Amino acid sequence: MGTHTPRRRLGHRRLGAAQIVFFVVAAAGPLFAIAGGVPTNYAVTGSIGVPLSFLLLAPILGLFAVGYAAMSRYITNAGAFYPYVANGIGKSTGAGIAFVTLITYNAIQISIYGLFGWSVSTWLGSLTGSAPPWWLCALVMVVIVGLLGVLRIDLNAKVLGIALCLEVAVVAIIDIALFANPAGGTVSWVPLEPSSLFTTGVGAVFAFSAAAFIGFEGAATYGEEAREPSRTVGRATYAAIGLTAVLYVVSSLALAVGTGPGEIVNAAHAQGPDLVFNLASQHLGGTFSDVAYTLFVTGQCAALLSFHNAVARYFFALGREGLLPRSLAKTGKRTGAPAAGSLAQTALAFVVVAAFALAGRDPVTELFTWLGATASTGVVVIMIAVSLSVIGFFKRRRQAENVWRRWIAPGLAILALSAVLGLILLNFDLLLGPAGGFLLRWGLPGLVVLAALAGFLRAEVLRTRDPETYAGIGGPLDDEHERKPVARTGR
């Protein structure tokens, strides 16, 4: 295959479905999403319908996962999304989505450094009486995550698995305590009523809620390292959606029940992430609250590592296929980890965090919020493109999957996700808060458009100047990955 052989590999056949679930759910960061994202959602949007937004998003994501999981049985590639689009719509469009994915996942990963820096600085300040600068905490973590990113993938999965189990346990205990001690003495179901959600700013609510789910769709990036990619990716995706949906719906409702639906917005605005831990301290004691806050910080560490691993694999895949410099396709000789991609992501994160620090920007209301809003927009665009690609891919292989998997579920996902994207764009100014102006209002979502255009044009240049590289965009890794999916019985 000329310049494309031999193709480089990641660590082969190391991961099972449970390990991949650890990665993708840790990326969603259940505790930091609930303690950080949910109060912010209530405070910024002024809506008490946050639990209903999670309840409505879950089946939409489930529809997306139907086609996504079906396609994962035919395409196994660390690039995940863009090979799907390249094979379902076209190589140049796939390259455009590749660049959008790179922007999106870097944005969400780097945004968390802002929240992490603030969290650790505040925490250390309460312990010692002298809080270090947020940016120092963030930059130290950038280095630590970079080092962990080049270790063996299964070692990282063990760390994430332990952290995730502890987070879920703490969230469950807090939820039980809040439902057992409702404000006013009665559990209120008002936050689940449609009239609570479908008011002014509903798009902003969906944007925050969609951002909380980011990470579930990353299972396919580990396909090359899965023991049974034809089965594992789909199972991990459904498990991740189910687990995070239950946690988010129940926990966001528990916060409203524990505070009171009429008071949740004001309480979230006044206390921010501390709302969860103040309620925990009130009902479960200060020691439990301290433990929960510690896991809030470690949960951010887990999310940072998980997103870092995903971004490193995108750098690897794009380098391997010539869309980015081929040096990014270098892997560790002993571990099989995407070492060059890991270093590239670490360097980018370091530069962005340092730039925000030098500019005197706020780590939460600006770094975390601005990049998080950009990522939320990008991931919805990606899912729409992937759903379109599923229809295109199976149009030429009608006998491969039933009509539900090949076009009904993806078609419904396209309609629902397009509506969500429209609402996000219409309410994007609310996501930026008071610091947002005209330039950010259109510039941040514009980054997604520019990334898509850059990737598309890069592929078109390759089509003319390097047809062999162009032909390899989104292609299978080797003959092994061109096999048919494992036959299923009873369906």
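The values are calculated or read from the model by the stated rules, or taken from the named source; none is laboratory data. Source: prediction; values computed, not measured. Positions of Cβ are generated from backbone atoms using ideal geometry, with glycine treated the same way; all protein chains shown enter the neighbour counts. Accessible surface areas use protein heavy atoms only, side chains included; no ligands, DNA or RNA. Shrake-Rupley method; radii C 1.70, N 1.55, O 1.52, S 1.80 Å.
Can you give the helix-only mean residue ellipticity at 222 nm for the chain, where every DSSP H stretch with n ≥ 4 adds -39500 (n - 2.57) and the sum goes over all residues, rounded to the nearest 500 deg cm²/dmol?
Result for the chain: -23000 deg cm²/dmol, rounded to the nearest 500.
What order do you get for 460-467, 294-301 when each peptide is scored by the mean count of other beta carbon atoms within 10 Å, highest first?
Listed from highest to lowest mean packing, they are 294-301, 460-467.
Please list the equivalent ellipsoid semi-axes of region 258-340, computed as the square roots of five times the alpha-carbon gyration tensor eigenvalues, in descending order and whole angstrom.
The equivalent ellipsoid of region 258-340 has semi-axes of 44, 16, 7 Å.
Taking a probe of 1.4 Å, how large is the accessible area per residue of the chain, in Å²?
38
Could you tell me the distance between the Cα centroids of region 162-181 and region 309-352, to the nearest Å?
What the calculation gives is 36 Å, centre to centre.
Using Cα atoms only, what is the angle between the long axis of helix 91-128 and the major principal axis of the chain, expressed in degrees (0 to 90) to the nearest 10?
30
In Å and on Cα atoms, what radius of gyration and Dmax does region 407-474 show?
Calculated on Cα positions, Rg and Dmax stand at 17.4, 50 Å.
To the nearest 20 Debye, how big is the dipole of the chain about its Cα centre, given +1 on the beta carbon of each Lys and Arg and -1 on that of each Asp and Glu?
2100
Could you pull the accessible area for Phe213 with a 1.4 Å probe, rounded to 10 Å²?
10
Given that just one value was derived from the coordinates, which of (1) 21.7, 72; (2) 25.8, 83; (3) 25.1, 79 is Rg and Dmax of the Cα atoms in Å?
(1)
Per the Cauchy relation, a quarter of the hull surface: what is the mean projected area of the convex hull of the alpha carbons in region 29-187, in nm²?
Average of the hull's projected areas for region 29-187 equals 13.6 nm².
Putting +1 on Lys and Arg Cβ atoms and -1 on Asp and Glu Cβ atoms, find which of Ala416, Leu305, Ile391 reaches farthest to the positive end of the dipole of the chain.
Highest projection toward the positive end goes to Ile391.
If you take the square roots of the eigenvalues of the alpha-carbon gyration tensor of region 317-415 and sort them as a ≥ b ≥ c, do you get rounded (a/c under 1.5), prolate (a/b over b/c) or oblate?
oblate
Across region 354-408, how large is the tail of the calculated P(r) beyond 13 Å, expressed as a percent of all Cα pairs?
68
Just need the relative contact order of region 256-349 here, percent rounded to a whole number, with Cα pairs under 8 Å and 6+ apart.
17
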